[in-house]
Amino acid sequence: MMLWWQNLPFLSIFLMILSSIVSLSLSFKAARNICVISLGTVLTMSVITFCGVYVSKESFVYKMGHFPAPWGNEIRSGLLEPFLASIFAIIMLLAVLGGMKHIRNDIESKKLNLYFLTTDLLFASILALIYTNDIFTGYVFLEICTITTCGILMIRQIGRTTLAAVRYMIISLLGSGIFLIGITLMYDISGYLLMENMREGIAKAIETDGMTLPTVMSIVLVSLGLSIKCGLFPFHFWMSDTYGYATPSSSAILSGIVSKGYIILLLKIYYRVIGIETVAQSHIQDILFVFGLAGIIVGSVNAIRENDIFRMIAFSSAAQIGYIFVGFSLGTQAGFTAAVFQILSHAVTKPLLFISASMLSDASGGSKKFSDLMGSALRSKIAGIGFTAGALSMVGIPFLSGFVTKILIGTASFESPSKMMPILVVLAISTVLNAVYYLRTVVRIYHPRDLNKKEPKYSNDGYSSSVFSAVIVCFVALNLSIGFFSDFVTDIIRTGLSMLA
Amino acid sequence: MARIRDNYERSAAYRAEKVIKGEAEPLDFLPEEDRTTEDKLTIEKTVKESESELSLSPETLTETVEFKLYSRIYKALSVVVCIIFITSLVITAIHLPSLGSDLNPANNEVPERYVEKGVEETGAINTVAGMILDYRAFDTFGESCVLFAAVICVLILLKESDLSAAEHSDRQNEPKNDGILKAAASILFPVIIIFGFYVILNGHLSAGGGFSGGAILGSGMILYLLAFGFEKAHKLFNYKTFAVTVCSAQIFYCIAKGFSFFTGANEIETHIPLGNPGDILSSGLILPLNICVGLVVAYTIYTFYVMFRRGGF
C-alpha cells in the first residue's frame, strides 16, 4: 500500500517539468516567480520524503504507470536520495537568487524567461537522475541535463561563452556516447534495464563465465563516460572557460549541482547495477585512484597560476572532483561515505564562492583580475565574508565542511594500506596548495589599494542587496551546519548508502 | 660582491626575511603589473581587455611553433587513441552473446510480455507504440523533453531580436520566387501534410507514430517555407503558433502521463477505455500522446530550420 508522501518524488519531478514548459509563454517576472516557487515546493516535498523514509527506515519503489518494473519504469527512494534532493534544491534556489542581478544584466531581455525555463528543466533532470531506478531513464535525463546545461551557459552571448558551451557540448557528448555504449553492453550481458535485475544478470554472468571482456569493458566505459562528463583529470580543461565566462548563477549551478548529478548516477550504478565487490574485481578503481590524485594536484597547480578569480575557482573544482574519485577508488563503505560527503561539501561551497566572487568583481568595476580586486572585500563586506568562508572551507579549516571531507578521506584510507600513503601525502600537498591560492586571494581582497584612503562602500547599482546578503548568509550557514553536524550527516550518508545496495 | 647582493635582494629569501622582520608587507613585492592605481580601475579597461582577448586572431595563434608542434602531437595521439578504442570495442563485440540466439539474456520475460500481452494490455496493435507510450512512457516523456530542451537551446543561441539584417542576408543566399519549386510545392505540400497526419494518427495501428509522422509534417512545413517565402509561411507558422502548440502539447503530455503514473502507482482505476484493438479510436492515451509528440517534433524540426536560416520566424 502506498503512503501519501511516497508520491512526492514523482510529483517533484513532474512539477519542475511542468513549470519549465509553462515558462515558455510567460514574461520574465512570472517565469522567475514560478521557478522560485516550484524550487521551494520541491524543497518542502523532498524534506517530507526524507522525514518519511527516516521514520519508516525503509526504501520504497514507485511504479511509473500501470505496469510493474521490469516491464514499466519505476523510481526508487532510500534515505540518501531525498536528502541530496533537498540540499540541491536549496543550492539551486540560492544560486538563482544570488545571481539574479547578473542574470538580468548578462542576458538579453527577451530571452530571460528561457533562462528560467532551462534551469527548471535542468533541475527536473537532476531529480530524475537522483531518483531513477532504471538505467535507460537515467540516460534520457542525462541528455536533458547536458542540453540544458549548454543552454544556461550560452545564454550569455559573448563569444567566449559560445566557445565554452561548444567545447562543453563536445566533451559532454563524447562522455554520453561512451556511457551509452557501456550501458548497451550491460544490457547485452544482463538482459534488463532495471537496476536490480541488471545486477542479478551481471552476477549470474560472472558466476558462469567469470569476468569476461564485455563485463570489464562495460564497467570501464560507464566509468569513463561519466568521469569525462563531470570533468575528472585529464578531462577538466573545459572547466576554466565554462565556469569563467558564464553568468555566475550558471557557473554556480554547473559546478555545484550538474557535475554532482553525473557522479551520483555513477554511484548508483556502482552500488545498484554492478555491485561494489564486482567493481573492485575489475580494478577500474586503481585507474580512478591515479587520475583522482593527479586531478587534485594538477587542478590546484593550474589554479595557482591563474590571474582571474573565476578561472581560479573553476580549476579548484577540478581538484575537488579529484577528491570525490579518490573516495570512490577506495571501494570501501568508508570511502564512498567520504565521497558523498565531499559531493555535499563541494556542492555547498563552490556556488558560494562563485556568487560572492561575482559581487567582489562588481565592486571592482567588473574586473575579475586579482590586481583590480584588491580591497574589494572592504567595499562589499558581505561578499568578502562569503568568499572568506568558502575559501576557508576549501582549505579545510575545522568546523567548515571541507575539513570533515579531508578527515573522512584520511581515515577511510587507513582501511586500504596500499593506497594510504599516496592519499595522505596528496592530501597534505593539496591542503598547502589550496591554502596558497585561496588565502592569497583572501589577503588580496582585504588589502586596500591605498593604505591611507578608506575604501568607498559599493552600492549595488540600485539592486536590492538584502536578497544577496541573505543568500550569502544562508550559504555560510549551510556550510557551517554541515561542518558542525557532520556526525549526523555522515550517519545519514552511511544509512543511505546501505539502503542503496 | 655587489652583484651577489643584488641577486640576493631580488630573491624570495630576502623578501621573506623582510616580511618576517616586519619591515615590509607581503603585497609590496607584487610585480609591477599587479599593482593598481585608481585610474586604471575603470570599466573601459576591462572592456578593452576582454576585447583584446577576443580579437586574438586564430591566424596569429596557429603560426607559432608551439602550436604547430602541439597540433602535430595532438593529431598523432588522437589517431592512436581512436585505434585503441575501436580495436577494444571490436574485440568486445566478438565476445558478446551472438546475435539472434534464443539463449541471449535479453530474451526474457520482458519482451515476452510485450509481444504476447501487448495488444490486450495497451490496446495498440503496433507493439512498439504500446511499449514506448504505455509500458515505458516515462522514458518517452523524457525523450519529448529532450526535443523541447533542444529547440529551446537553439532559440537561446540563434534567435535574433532584430530581423532586418537577417532578412537582408537571407535574400542574398536563398532563392526567391522559383516557379518550378512553387508549382511542385503546391502539389506536394498538401500530400506531405496529409501523409504526416496519417502516419501520426495510425501510430497505434501500424508502423509509424508521433516521432516519424512529426518529422514528415516538419519537412512539409519546411518545403512550404522554401517555396513561398517567409511572408506567406509566417501566416501559418509563427513564433506564437510555435509557442502555443509546443506548450499545449507538452502540457497535455505532462498532465496526461502524470495522471496515468499517479493512478498506476496508487492502484486507482483510470476509466480510460482501451477500445477495440484495430479501431482508429482505441488504445487509450496512445493516440492523443502520438498527436502531441507529432506536433512537438514537427515544430522542433521547422524551428531548427528557421533559426539556422535567419534567426527568427
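The values are calculated or read from the model by the stated rules, or taken from the named source; none is laboratory data. Because the structure is predicted, anything quoted here is derived from the model rather than measured. Every residue, glycine among them, receives a Cβ derived from its backbone with ideal geometry; neighbour counts consider all protein chains shown.
Quick grid of which residues meet (1) more than 14 Å from chain B (Cβ to nearest Cβ); (2) within 23 Å of A:His346 (Cα to Cα):
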| residue | (1), (2) |
| --- | --- |
| A:Tyr54 | yes, no |
| A:Lys63 | no, no |
| A:Trp71 | no, no |
| A:Gly78 | yes, yes |
| A:Pro82 | yes, yes |
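In the set (1) under 22 Å from A:Leu114 (Cβ atoms); (2) within 14 Å of chain A (Cβ to nearest Cβ); (3) surrounded by 20 or more Cβ atoms within 10 Å (Cβ to Cβ), the condition left unmet by B:Gly218 is number (2). Does B:Leu226 satisfy the criteria of being in the same structural domain as B:Phe141 (by TED's automatic domain parsing), in a helix (DSSP H, G or I) and either among the hydroxyl-bearing types (Ser, Thr, Tyr) or more than 25 Å from A:Phe14 (Cα to Cα) (or both)? Judged against the criteria, B:Leu226 is a match. The condition of being surrounded by 24 or more Cβ atoms within 10 Å (Cβ to Cβ) and at the interface with chain B (Cβ under 10 Å from one of its Cβ atoms) holds for only one of A:Thr148, A:Thr184, that being A:Thr148.
Name the single residue, out of those in region B:111-149 being basic (Lys, Arg) and within 7 Å of chain A (Cβ to nearest Cβ), that is farthest from A:Ser125 (Cα to Cα).
In the first step, residues of region B:111-149 are kept if they are basic (Lys, Arg); the result is B:113, B:117, B:136.
Those still in the list that are within 7 Å of chain A (Cβ to nearest Cβ) too: B:113, B:136.
Details: B:Arg113: 29, B:Arg136: 17 Å.
Looking at residues that are basic (Lys, Arg) and within 7 Å of chain A (Cβ to nearest Cβ), I get B:Arg113.
Of B:Ile94, B:Ile152, all but one fail to be in a helix (DSSP H, G or I), surrounded by fewer than 15 Cβ atoms within 10 Å (Cβ to Cβ) and within 9 Å of another protein chain (Cβ to nearest Cβ); the exception is B:Ile94. Would you check if A:Ser430 is of a type in the set (S, T, N, Q) and crowded, with 18+ Cβ neighbours inside 10 Å? Yes; evaluated as a whole, the condition is true for this residue. Against the condition modelled with pLDDT under 90, aliphatic (A, V, I, L, M) and over 30 Å from A:Arg156 (Cβ atoms), how does B:Ala207 come out, does it pass? Yes; evaluated as a whole, the condition is true for this residue.
Tell me which residues, restricted to region B:242-255, are touching a residue at least 24 places away in the same chain (Cβ under 8 Å) and of a type in the set (Ser, Thr, Tyr).
Let us first name the residues in region B:242-255 that are touching a residue at least 24 places away in the same chain (Cβ under 8 Å), namely B:242, B:245-246, B:249-250, B:252-254.
The answer is B:Thr245, B:Tyr253.
Is it true that A:Phe116 is surrounded by 22 or more Cβ atoms within 10 Å (Cβ to Cβ), touching a Lys or Arg at 6+ places or on another chain (Cβ under 7 Å) and farther than 25 Å from B:Gly264 by Cα? Yes.
Condition first: hydrophobic (A, V, I, L, M, F, W, C), crowded, with 22+ Cβ neighbours inside 10 Å and under 15 Å from A:Ile126 (Cβ atoms). Can you find one or more residues in region A:51-69 that meet it?
Quick first cut of region A:51-69, residues hydrophobic (A, V, I, L, M, F, W, C) only: A:51, A:53, A:55, A:60-61, A:64, A:67, A:69.
Those still in the list that are crowded, with 22+ Cβ neighbours inside 10 Å too: A:53, A:64, A:69.
Imposing the further condition that a residue be under 15 Å from A:Ile126 (Cβ atoms) reduces the set to none.
Checking region A:51-69: not a single residue is hydrophobic (A, V, I, L, M, F, W, C), crowded, with 22+ Cβ neighbours inside 10 Å and under 15 Å from A:Ile126 (Cβ atoms).
Can you tell me which residue in region B:121-156 is farthest from the chain's Cα centre (by Cα), limited to those that are in contact (Cβ under 8 Å) with a residue 60 or more places away in the chain and farther than 28 Å from B:Val110 by Cβ? Applying the filter and picking the extreme gives B:Leu155. Does A:Ser416 satisfy the criteria of being touching a Leu at 6+ places or on another chain (Cβ under 8 Å) and surrounded by fewer than 20 Cβ atoms within 10 Å (Cβ to Cβ)? Taking the combined requirement at face value, the residue satisfies it.
Contact annotation: no residue pair with Cβ atoms under 8 Å, 6 or more positions apart or on different chains, pairs a residue in region B:171-187 that is assigned by TED's automatic domain parsing to the domain that holds B:Phe228 and at pLDDT 70 or above with a partner that is outside any helix (DSSP H, G or I) and aromatic (Phe, Trp, Tyr). Looking across B:Thr263, B:Thr270, one residue alone is in contact with a His (Cβ under 9 Å, 6 or more places away or on another chain) and exposed (fewer than 14 other Cβ atoms within 10 Å of the Cβ). It is B:Thr270. Would it be correct to say that A:Ser125 is within 26 Å of B:Asp139 (Cα to Cα), surrounded by fewer than 23 Cβ atoms within 10 Å (Cβ to Cβ) and of a type outside the set (D, E, K, R)? Here the answer is no, as A:Ser125 does not meet what is asked.
Residue selection: A:Leu194 satisfies the criterion of being over 30 Å from A:Ser240 (Cβ atoms), crowded, with 24+ Cβ neighbours inside 10 Å and either over 16 Å from the mean Cα position of the chain (by Cα) or within 8 Å of chain B (Cβ to nearest Cβ) (or both).
When the residues of region A:440-466 are filtered to those that are of a type in the set (A, V, I, L, M) and surrounded by 15 or more Cβ atoms within 10 Å (Cβ to Cβ), which remaining residue is modelled with the highest pLDDT?
Filtering region A:440-466 down to residues of a type in the set (A, V, I, L, M) leaves A:442-443, A:445, A:451.
Narrowing further to those that are surrounded by 15 or more Cβ atoms within 10 Å (Cβ to Cβ): A:442, A:445.
Values: A:Val442: 91, A:Ile445: 88.
Step by step, filter region A:440-466, then rank; the result is A:Val442.
Criterion applied to A:Gly151, A:Gly65 was being at positive phi and free of Cβ contacts under 8 Å to residues at least 40 places away in the same chain, and the one residue passing it is A:Gly65.
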